[in-house]
Amino acid sequence: MFREKWTTLLIVVLVTMISMILVSEIMAQAPPQAPNKSLAAIDHAAKANKYALIFFYRQDDPQTQSLGEVFNGAAKALAARADSVVVRITDPSEAGIVNNSKLPRRRCL
């Protein structure tokens with residue numbers, strides 16, 4: 001159980017780090033689009049000189065909920081240095097960040 005939690009936390013941290021690296025590239029390449037919650041959160045984080053932690057998910061299943069709890073815990077711990085946002089990749093209003101994120105299109109876990 002302990003090892004599974006640390007493995008899950010490590011996965012969330014790695015995904016978050018990759019997301020942070022990609023955010024600057026996405027923002028540089030993405031054409032202006034209608035505002036949505038993820039881009040607004042990234043913009044807010046940038047203006048506050050913070051990191052943006054992004055949790056991408058496809059469906060709301062038990063595995064996603066478990067990883068979401070870990071993500072929320074990490075986001076809470078880093079709240080002074082980072083803003084967080086949760087993005088459902090099937091939400092049409094989030095297509096801009098999803099299409100430009102270069103995330104794998106297959107199920108990773």
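What the table below lists for this structure:
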item	result
Total residues in the range 6-33, condition loosely packed, with under 12 Cβ neighbours inside 10 Å and either at pLDDT 70 or above or among the β-branched types (Val, Ile, Thr) (or both)	3
Whichever residue in the range 62-105 is over 15 Å from Ala52 (Cβ atoms) and hydroxyl-bearing (Ser, Thr, Tyr) and, among such residues, is surrounded by the fewest Cβ atoms within 10 Å (Cβ to Cβ)	Thr90
Qualifying residue in the range 34-47 (condition: within 17 Å of the chain's Cα centre (by Cα), part of a loop (DSSP other than H, G, I, E, B), at pLDDT 65 or above and more than 16 Å from Ser84 (Cβ to Cβ))	no
Any hit, the range 100-107, residues being modelled with pLDDT under 90 and within 22 Å of Trp6 (Cα to Cα)	yes
Test result for Ala48, loosely packed, with under 15 Cβ neighbours inside 10 Å and either in contact (Cβ under 8 Å) with a residue 40 or more places away in the chain or out of contact with any strand residue (DSSP E or B) (no Cβ under 8 Å at 6 or more places or on another chain) (or both)	no
Neighbours by Cβ (under 7 Å, 6+ apart or cross-chain): first from the range 75-95, farther than 21 Å from Lys47 by Cβ; second loosely packed, with under 13 Cβ neighbours inside 10 Å	Ile89/Arg58; Thr90/Arg58
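The values are calculated or read from the model by the stated rules, or taken from the named source; none is laboratory data. Worth saying up front: this structure is predicted, and the values here are computed from it rather than measured. Neighbour counts run over all protein chains shown; Cβ positions are idealised from the backbone, glycine included.
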